[in-house]
Amino acid sequence: MPFMPRIAVAADATVARRTSSSASLRKLVFGAALALSASTSFAATQLNVGTVVWIGYGPFYVAEAMDMYKKYNLSVKLQVFSDPALIPAALAGGSVQGAMVTYDQVIGQVAKGMAQKVVMPIDYSNGGDAIVASKSITKVSEFKGKKIGFNPLSPSDFLLSYALKTNNLTDKDITPVNMTPEAVPAAMASGQMPIGVTYEPSLSQIVSQGGGQKYHVVFSSKDAPGLIADVLVFNEKFIKSNPKEIDGVMRAYLDGMAYMKAKPEESAKIIGKFMGVSAKEVKEQLSGVYNIPLNEMPKAFKPAKETTSYYGSGEVIGNLLKAKGQIDKIPPTESTVDAQFVNALQAK
């Protein structure tokens, strides 16, 4: 639903006890006006932000748990989706005002006419997304003719497509099995399929099976740094009408990053509680993701061939999405990003 400021007004403010004294009446009315003014001034803007359980979003989890948004007159609720492919539609429909998605999702939405733009880089997967296979399968070229479980139209699908293409294979060379990343560990453990594509924390669940002797990572996002990039996205209309709120969300995120650096043990507990894993597992999973610090954020918006730039990764992503028939045309990178907020924060 569209965001609305929450204004706390006493329920009986307009039905106050009557008095025969006009001076008392004026005092009462004046007092009520002051109370309304004060509550309006300090009311927090409520924002719903779509997310999934992903280690790279740790600073947002910390910010919510520590109520770091309050400092910026915001109340932010993270709405968790079990399927990341559902988030762009929720953003377009207004049930969430902001979203954490992967950059390939943004390209797909903009190509379909949605005015959604990246306002801030969050992280890029550095091994946290991976294709896992039984020990007997040692390279991508051996995927031919095999069943592979993955979530269509998601980062898992994109990573798999990229791996296949770089090894002279296509999706026609495999037998796809539709399932969410969270369902992959159980499906592989049951012997339904030898290969699965998923991300943390499901990734660790798979490779730890059988004492680490049953499955291993064959291809991961570490093989293509920046290709799977997580971003903070808002609709263009919301960006124009709510710049202060967006700035506050970003500042709270940076505060969350600072807290993680200053208090890693406490942060690991907070993130673990949100993700449903132990603090020890959080620390292990953090090695598979790179959260981009503020001083490096502007680079993502600048034209470059490297996949750590949206221009570089966007070209690769766009071509893959078009080849798979997911989009008809590749949108210009400029139509998918808005660097004004990062530039403003960087300048201060």
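The values are calculated or read from the model by the stated rules, or taken from the named source; none is laboratory data. This structure is a prediction, so every number in the text was calculated from the model and none was measured. Cβ atoms come from the backbone with ideal geometry, glycine included; neighbour counts cover every protein chain shown.
Would you pick out the residues in region 72-93 that are part of a helix (DSSP H, G or I) and more than 18 Å from Ala229 (Cα to Cα)? Talk me through it step by step, then tell me what you get.
In the first step, residues of region 72-93 are kept if they are part of a helix (DSSP H, G or I); the result is 72, 84-93.
Matches in region 72-93: Tyr72, Ala89, Ala90, Leu91, Ala92, Gly93.
Can you tell me how many residues in region 305-323 are outside any helix (DSSP H, G or I) and surrounded by 15 or more Cβ atoms within 10 Å (Cβ to Cβ)? The total comes to 3.
For region 188-206, which residues satisfy the criterion of being at pLDDT 90 or above and buried (at least 17 other Cβ atoms within 10 Å of the Cβ)? Can you show your working first?
Taking region 188-206 as the starting set, the residues that turn out to be at pLDDT 90 or above are 188-190, 193-198, 202-206.
Correct list: Met188, Met193, Pro194, Ile195, Gly196, Val197, Thr198, Ser202, Leu203, Ser204, Gln205, Ile206.
Of the residues making up region 185-198, those that are in contact with a strand residue (DSSP E or B) (Cβ under 6 Å, 6 or more places away or on another chain) and within 19 Å of Lys139 (Cα to Cα) are Met188, Met193, Pro194, Ile195, Gly196, Val197. Note on region 121-146: among residues that are under 16 Å from His216 (Cα atoms) and in a strand (DSSP E or B), the one that is modelled with the lowest pLDDT is Asp129. Criterion first (in contact with a helix residue (DSSP H, G or I) (Cβ under 6 Å, 6 or more places away or on another chain) and not basic (Lys, Arg)) does Gly145 satisfy it? Here the answer is no, as Gly145 does not meet what is asked.
Please go through region 205-256 and pick out each residue that is touching a Lys or Arg at 6+ places or on another chain (Cβ under 8 Å), farther than 18 Å from Phe301 by Cβ and aromatic (Phe, Trp, Tyr). Of everything in region 205-256, just one residue is touching a Lys or Arg at 6+ places or on another chain (Cβ under 8 Å), farther than 18 Å from Phe301 by Cβ and aromatic (Phe, Trp, Tyr), namely Tyr215.
When Pro155 is tested against (1) touching a helix residue (DSSP H, G or I) at 6+ places or on another chain (Cβ under 6 Å); (2) closer than 30 Å to Ala63 by Cβ, just one condition goes unmet, and that condition is (1).
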